[in-house]
Amino acid sequence: MIDGVETATTASDAARRFRDGSLTPTDLTDEILERISRENPRLNAYYEVFASEARGSAAQAARELKQGRDRGPLHGIPVAIKDLFDVAGHVTTAGAHPGFHPPPARVDSDVVARLRAAGAVLLGKAALHEWAFGVSTNNPHFGPTRNPHDATRIPGGSSGGSGAALAAGMAVLALGTDTGGSIRIPAALCSVVGLKPTYGLVSLRGVTPLSRSLDHGGPMANSVEDAFLLLEVISDFRRSAAPRPRILIPRSFFFDDVDPRIVELVREAASRLGETETLDAGNPEGTWDANTVILLSDAVAFHEQRLREHPDWFGGALAERMSRGFEIRGIDYARARDVQREWTEFLTALLGDHSVLAAPTTPIPATTIGDREGAELARVMTRLTAPFNLAGVPVLSLPIGKVDGLPVGMQLVAAPGRESLLWEAARETAPE
């Protein structure tokens with residue numbers, strides 16, 4: 001229970017109960033919609049709620065299950081959709097100024113189409129940082145999204161609405177995107193599970209981009225099992241038999257300038273997964289800068305016309321931050337790509353087919369809303385996550401406890417295409 005709010009069931013538990021008759025999709029959806037109507041005014045986790053559509057989808061799911069038509073583990077499961085994913089008939093705001101809003105989408109994004117085919121219930125559009133370029137989800141156009149564990153704190157970003165909705169029991173599953181940590185940061189700060197898959201595994205067709213070179217779509221959930229159930233629906237991934245992985249602990253960088261209490265929680269959590277081995281994980285210091293060069297170049301390419309015609313429609317200093325992309329030289333971009341190749345090769349060789357790296361997700365817990373916004377906060381919160389966007393490797397963020405009453409998380413990192421290793425390492429863990 002968080003601030004008096006009972007958290008939601010897991011998808012796997014709801015699916016079992018749908019089939020044994022102790023719960024129906026209609027009842028679960030009604031319960032969650034009631035919770036949204038009660039809690040969303042306080043937390044601002046959703047920008048739009050599909051109440052009527054969700055009830056219709058839940059009723060259809062209930063009828064189909066009763067008739068023996070079973071679409072699989074997400075049949076009747078309520079899902080929050082980050083407001084970057086197109087949903088037919090609804091505006092994709094991307095958290096932007098209303099002047100930038102497009103007409104309602106004519107077709108679903110690939111991922112949403114997969115969810116519909118699986119019988120999932122779409123709850124609504126979850127809040128995000130403006131244009132997905134930030135880590136607080138303190139949105140100047142829609143207002144701040146608040147962390148259910150402490151409403152004065154950020155939920156993380158940019159998928160802050162997805163994290164907050166899950167933590168407050170306003171969704172059973174959620175979609176997020178991750179360019180520098182935008183699934184994993186809110187997962188850690190809201191005490192949920194977030195999975196950034198291998199780059200390209202989840203289709204981003206019909207998703208508003210931040211950086212096409214670094215964007216990843218992925219699941220957020222209340223359990224490891226749920227995260228992988230959702231991944232299997234929104235991609236072609238299927239869990240395969242994997243050996244129990246070695247758990248590697250890096251000697252430096254990923255533990256430098258991290259709250260010592262988080263360091264201790266990560267080491268304790270990693271030791272519970274199996275025997276650990278401490279090793280040199282290289283020097284990824286330059287990877288954050290390389291990630292930023294590529295991100296800004298891609299972002300300014302996508303937003304060039306908007307930045308030139310309506311810089312005043314970007315909140316705060318976002319236009320200034322994005323416009324730094326105009327100053328990046330071709331040679332800077334080429335060197336960033338060199339760093340990307342070298343880091344990816346090093347990390348892939350280090351992890352191989354049988355190892356998982358354990359590290360903190362964020363160096364500090366959630367900050368107060370409005371504190372150190374913009375580039376300063378982004379630099380702090382993405383320092384440990386962005387290197388893995390650059391490499392395109394799969395990363396799972398797990399809740400591991402609290403510091404000063406605020407949740408923190410641990411990242412588990414595997415080589416490209418080794419999501420099954422992450423599953424094997426974490427499948428026996430339970431949400432905190």
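The values are calculated or read from the model by the stated rules, or taken from the named source; none is laboratory data. All values derive from a computational prediction rather than experimental measurement. Cβ: placed from backbone, ideal geometry, glycine included. Neighbour counts: every protein chain shown. What goes into the accessible areas is simple: the full protein's heavy atoms, side chains included, and nothing from ligands, DNA or RNA. Shrake-Rupley method; radii C 1.70, N 1.55, O 1.52, S 1.80 Å.
Residue by residue through the stretch 63-91, note down the ones that are open to solvent by less than 10 Å² (accessible area, probe 1.4 Å), part of a loop (DSSP other than H, G, I, E, B) and either aromatic (Phe, Trp, Tyr) or closer than 26 Å to Gly157 by Cβ (or both).
Residues satisfying the conditions are Leu74, Ile77, Asp83, Leu84, Val87.
Considering only the stretch 189-209, state which residues are closer than 15 Å to Leu390 by Cβ and open to solvent by 10 Å² or more (accessible area, probe 1.4 Å).
Passing the criteria: Thr198, Tyr199, Gly200.
May I ask you to list the residues in the stretch 1-53 that are at pLDDT below 95, within 27 Å of His90 (Cβ to Cβ) and either in a helix (DSSP H, G or I) or small (Gly, Ala, Ser) (or both)?
Hit for the stretch 1-53 is Ala8, nothing else.
Of these, Pro186, Pro148, Pro144, which one is open to solvent by 10 Å² or more (accessible area, probe 1.4 Å) and on the phi < 0 side of the Ramachandran plot?
Pro144
So which pairs qualify, if the first residue must be in the stretch 181-201 and free of Cβ contacts under 8 Å to residues at least 60 places away in the same chain, the second must be assigned to a loop (DSSP other than H, G, I, E, B), the Cβ gap must be under 7 Å, and the two must be at least 6 apart or on different chains?
Within 7 Å, the pairs are Ser182/Gly157; Ser182/Ser158; Ser182/Ser159; Pro186/Pro155; Pro186/Gly156; Pro186/Gly157; Pro186/Ser159.
Looking only at the stretch 52-62, which residues are open to solvent by 10 Å² or more (accessible area, probe 1.4 Å) and in contact with a strand residue (DSSP E or B) (Cβ under 8 Å, 6 or more places away or on another chain)?
Within the stretch 52-62, Glu53, Ser57 meet the criteria.
Considering only residues that are outside any loop (DSSP other than H, G, I, E, B), within 23 Å of the chain's Cα centre (by Cα) and not aliphatic (A, V, I, L, M), look in the stretch 312-342 and name the one that is nearest to Gly392 (Cα to Cα). Quick ask: steps written out before the conclusion?
Going through the stretch 312-342, the residues outside any loop (DSSP other than H, G, I, E, B) turn out to be 312-313, 318-327, 330-342.
Okay, now just the ones that are also within 23 Å of the chain's Cα centre (by Cα), so 318, 321-322, 340.
With the extra rule that they be not aliphatic (A, V, I, L, M), the set shrinks to 321, 340.
Numbers: Arg321: 24, Gln340: 9 Å.
Per the stated criteria, the residue is Gln340.
Within the bounds of the stretch 403-419, is there any residue that is of a type in the set (Gly, Ala, Ser), closer than 28 Å to Glu232 by Cβ, open to solvent by 10 Å² or more (accessible area, probe 1.4 Å) and not in a strand (DSSP E or B)?
Taking every residue of the stretch 403-419 in turn, at least one turns out to be of a type in the set (Gly, Ala, Ser), closer than 28 Å to Glu232 by Cβ, open to solvent by 10 Å² or more (accessible area, probe 1.4 Å) and not in a strand (DSSP E or B).
Taking into account only those residues within the stretch 272-287 that are in a helix (DSSP H, G or I) and under 24 Å from Pro399 (Cβ atoms), which is most open to solvent (accessible area, probe 1.4 Å)?
As a first pass, look at the stretch 272-287 and keep what is in a helix (DSSP H, G or I): 272-273, 285-287.
Among the residues that remain, those that are also under 24 Å from Pro399 (Cβ atoms) are: 272-273.
On the way: Arg272: 155, Leu273: 12 Å².
Ranking the candidates gives Arg272 first.
Can you tell me which of Ala349, Ala358, Ala366, Ala378 is small (Gly, Ala, Ser) and part of a loop (DSSP other than H, G, I, E, B)?
Ala366
Testing Asn291 on (1) over 28 Å from Gly370 (Cβ atoms); (2) open to solvent by less than 30 Å² (accessible area, probe 1.4 Å); (3) of a type outside the set (Phe, Trp, Tyr), one condition comes back false. Which one is that?
The number of the failed condition is (1).
Just one of Thr361, Thr368 is open to solvent by 30 Å² or more (accessible area, probe 1.4 Å) and of a type in the set (Val, Ile, Thr); which is it? Break it down into steps so the answer makes sense when it comes.
Working: Thr361 fails: open to solvent by 30 Å² or more (accessible area, probe 1.4 Å).
Answer to the selection: Thr368.
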